[in-house]
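Read the figures in this text as sums done on the coordinates, not as results from a lab. Keep in mind the model is a prediction, meaning the values are calculated, not measured. Cβ placement follows ideal geometry from the backbone for every residue including glycine, while neighbour counts extend to all protein chains displayed.
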Amino acid sequence: MLRYFAQRALDVFSTRYEYDVSYMRAMLETSPKAFARLFDITKAATHREAAPLEAYYAAKLVGAMVEDCGPCTQLVVNMARQARVAPAQIEAVLQRNSAVMTPDAALGFRFAEAIAYRLRGEDEARDAVRAQWGDKGLIDLTFALQIGRVFPMLKAGLGYAQTCQRVRVGQKPVDVIKRAA
């Protein structure tokens with residue numbers, strides 16, 4: 001019975017975000033316990049208390065971009081659009097164009113890049129987030145960045161990260177500019 005509801009939830013998620021959930025279906029079929037743990041991670045991935053949406057999705061996008069070649073990044077783009085983040089802000093993050101980002105998006109982006117790539121300015125970025133949104137905002141952005149990285153790695157580990165795709169913001173294709181590691 002639980003498997004039936006999980007399958008329906010995956011159907012809804014897949015349709016809502018236009019995302020291939022094959023790896024999640026495989027987990028559900030093979031190890032319902034592992035799938036239940038994945039569900040817990042999915043709930044944690046949506047945690048946000050204090051950080052503004054633009055900062056939150058900037059961090060979430062950076063996490064996806066670090067680990068992904070398109071499908072998971074597209075998922076986060078679709079989530080950000082559904083949350084009503086301005087398409088110009090989403091595109092600015094994908095193209096690493098901080099000059100176009102709002103101050104909130106730019107700070108979320110700067111923090112996420114500093115942490116993900118262990119850059120020299122990570123302490124300053126962390127302090128700036130804490131000064132702007134407090135410890136709750138810092139937790140929000142850390143969850144957005146790091147938990148978002150889990151899903152592309154699960155796909156890769158399970159052998160489902162076989163397809164790259166061009167990312168679109170709405171109908172507009174956008175070149176994703178990854179930071180050189």
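Hey, what angle do you get for helix 53-67 against the long axis of the chain, alpha-carbon based, 0 to 90 degrees rounded to 10?
Around 70 degrees separate the two axes.
May I ask you to work out the translational diffusion coefficient for the stretch 92-181 at 10 °C, viscosity 1.306 mPa s, via Stokes-Einstein with Rh from the Kirkwood sum over Cα pairs, reported in whole µm²/s?
Answer from the Stokes-Einstein relation: 108 µm²/s.
Using Cα positions and a limit of under 29 Å, work out the lysines in reach of LYS155, with same-chain residues fewer than 8 apart set aside.
LYS155 reaches LYS33, LYS43, LYS60, LYS172, LYS178.
Send over the Kirkwood Rh of the stretch 1-44, from the inverse of the averaged 1/r over different Cα pairs, rounded to one decimal Å.
On the way: mean 1/r = 0.0951 Å⁻¹.
Roughly 10.5 Å, rounded to one decimal.
Note down, for the chain, the three equivalent ellipsoid semi-axes (square root of 5 times each alpha carbon gyration tensor eigenvalue), biggest first, whole angstrom. Could the numbers behind the result be given before it?
Numbers: eigenvalues 151, 65, 45 Å².
Each semi-axis is the square root of five times an eigenvalue, giving 27, 18, 15 Å.
Could you quote the convex hull projected area for the stretch 1-106, Cα atoms only and averaged over all directions, in nm²?
Over all viewing directions, the stretch 1-106 projects a mean Cα-hull area of 7.1 nm².
So how do CYS72, CYS164 line up by other beta-carbon neighbours within 10 Å, fewest first?
Values: CYS72 25, CYS164 11.
Neighbour counts put them in this order, fewest first: CYS164, CYS72.
Considering amide H positions built from the backbone, and no H for Pro or chain starts, which residues 5 or more places from VAL169, or on another chain, come under 5 Å of its amide H?
Excluding prolines and chain starts, which carry no amide H, the hits are VAL174.
Would you mind calculating the gained length between CYS164 and ALA88 on full extension (0.36 nm times residue separation, minus the Cα-Cα distance), in nm to one decimal?
Working: separation 76, 0.36 × 76 = 27.36 nm, distance 2.30 nm.
Fully extending the segment from CYS164 to ALA88 adds 25.1 nm.
Charges at C-beta only: +1 for Lys and Arg, -1 for Asp and Glu. How large is the resulting dipole of the stretch 85-161 about its Cα centre, in Debye rounded to 20?
Rounded to the nearest 20 debye, it is 260 debye.
With just the Cα atoms defining each centre, how far is the stretch 101-117 from the stretch 160-181? Give it in Å.
One Cα centre to the other: 19 Å.
Give me the angle, in degrees from 0 to 90, between the Cα long axis of helix 2-17 and the longest principal axis of the Cα atoms of the chain, rounded to the nearest 10.
Taking the Cα atoms of the chain, the angle to 2-17 is about 40 degrees.
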